[in-house]
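K.L.:
Shown below is the structure under consideration.
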Amino acid sequence: PAFIIDIAKKRIETSARLIGEIVERKRADERLKRYHGHLEELVRERTEELYISEERFRTAFEHAAIGKAFVNLDGAFLQVNPLLCNILGYTEKELCSKTFQDITHPDDLEADLGMVKQLLAGEIENYDLEKRYYNKDGDEVWVLLSASLVRNNKGKPLHFIAEIQDINERKKAEEAIN
């Protein structure tokens, strides 16, 4: 009888321990479910914030009163806004198949490339340059280019930002005066 009591005590202890573990697992599951729900809500909020931010940026880019472009480190247009397309007479697809070197007047290319090298070397933060592009019809278009370089958080160059104003009429007026 004593050994039966010992066996019964051990079974009760084992059962109690197992019940305790099950209760603790259920509590942990409930905590995980609450935490998961909280994380899902945070993700929803951040996703909405990101969407709003991206929409604000896209709208500002597309409706800017100045030509804008993102240009890769080799000079290829990555993204252009409608006003830049209008200034140069290209569709977005056509312009994004070109580099700025393709459409820059040969007499202005060296100065532009020199400024690009200074940006990449970290010697300057940005630059302004009056230069000529060739539009889709092959005509010269005078612009004021303002360019800067975007770097990642480690300082690695990612792409250029170009802002382009059409100064063609001003240049024609200056020529007429001279």
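The values are calculated or read from the model by the stated rules, or taken from the named source; none is laboratory data. Predicted, not measured: the structure shown is a model, and the values here were computed from it. Don't worry about glycine lacking a Cβ; one is built from the backbone with ideal geometry, like all the others, and counts go over all protein chains shown. The area values use the complete protein model at the heavy-atom level, side chains included, leaving out ligands, DNA and RNA. Shrake-Rupley method; radii C 1.70, N 1.55, O 1.52, S 1.80 Å.
K.L.:
Among the candidates LYS131, LYS156, LYS136, which residue alone is under 22 Å from the mean Cα position of the chain (by Cα) and among the charged types (D, E, K, R)?
P.N.:
Step by step, each of LYS131, LYS156, LYS136 is checked, and only LYS156 is under 22 Å from the mean Cα position of the chain (by Cα) and among the charged types (D, E, K, R).
K.L.:
How many residues does the stretch 48-70 hold that are out of contact with any Pro (no Cβ under 9 Å at 6 or more places or on another chain) and open to solvent by 80 Å² or more (accessible area, probe 1.4 Å)?
P.N.:
Number satisfying all stated conditions: 9.
K.L.:
Let me ask another. Open to solvent by 40 Å² or more (accessible area, probe 1.4 Å), over 21 Å from the mean Cα position of the chain (by Cα) and of a type in the set (Val, Ile, Thr) - does that describe any residue in the stretch 74-95?
P.N.:
Within the stretch 74-95 (the criterion being open to solvent by 40 Å² or more (accessible area, probe 1.4 Å), over 21 Å from the mean Cα position of the chain (by Cα) and of a type in the set (Val, Ile, Thr)), the answer is yes, since at least one residue qualifies.
K.L.:
Checking the conditions here, which among GLU110, GLU30, GLU45, GLU21 is within 25 Å of the chain's Cα centre (by Cα) and open to solvent by 30 Å² or more (accessible area, probe 1.4 Å)?
P.N.:
Result: GLU45 is the single residue among GLU110, GLU30, GLU45, GLU21 that is within 25 Å of the chain's Cα centre (by Cα) and open to solvent by 30 Å² or more (accessible area, probe 1.4 Å).
Condition check ((1) closer than 16 Å to TYR134 by Cβ; (2) hydrophobic (A, V, I, L, M, F, W, C); (3) touching a Cys at 6+ places or on another chain (Cβ under 8 Å); (4) without any contact (Cβ under 8 Å) to a residue 60 or more places away in the chain) across all residues:
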{"position": "ALA2", "(1), (2), (3), (4)": "no, yes, no, yes"}
{"position": "ILE12", "(1), (2), (3), (4)": "no, yes, no, yes"}
{"position": "GLU40", "(1), (2), (3), (4)": "no, no, no, yes"}
{"position": "GLU45", "(1), (2), (3), (4)": "no, no, no, yes"}
{"position": "GLU48", "(1), (2), (3), (4)": "no, no, no, yes"}
{"position": "GLU54", "(1), (2), (3), (4)": "no, no, no, yes"}
{"position": "LYS93", "(1), (2), (3), (4)": "no, no, no, yes"}
{"position": "GLN101", "(1), (2), (3), (4)": "yes, no, no, yes"}
{"position": "ASP108", "(1), (2), (3), (4)": "yes, no, no, yes"}
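K.L.:
Write out, first by first residue and then by second, each pair whose Cβ atoms fall under 6 Å of each other, whose residues are 6+ apart or on separate chains, and whose first residue, in the stretch 122-140, is within 16 Å of LEU158 (Cα to Cα) while the second is modelled with pLDDT of 95 or more and part of a strand (DSSP E or B).
P.N.:
ASN126/SER148
K.L.:
Within the stretch 35-57, does at least one residue satisfy the condition of being part of a helix (DSSP H, G or I) and in contact with a Lys or Arg (Cβ under 6 Å, 6 or more places away or on another chain)? Outline the logic, then answer.
P.N.:
Quick first cut of the stretch 35-57, residues part of a helix (DSSP H, G or I) only: 35-57.
Right, trim to in contact with a Lys or Arg (Cβ under 6 Å, 6 or more places away or on another chain) and you get none.
No, the stretch 35-57 has no match at all.
K.L.:
Here is a further query. Does the stretch 130-147 contain any residue that is over 29 Å from ALA173 (Cβ atoms) and exposed (fewer than 15 other Cβ atoms within 10 Å of the Cβ)?
P.N.:
No: the stretch 130-147 contains no residue that is over 29 Å from ALA173 (Cβ atoms) and exposed (fewer than 15 other Cβ atoms within 10 Å of the Cβ).
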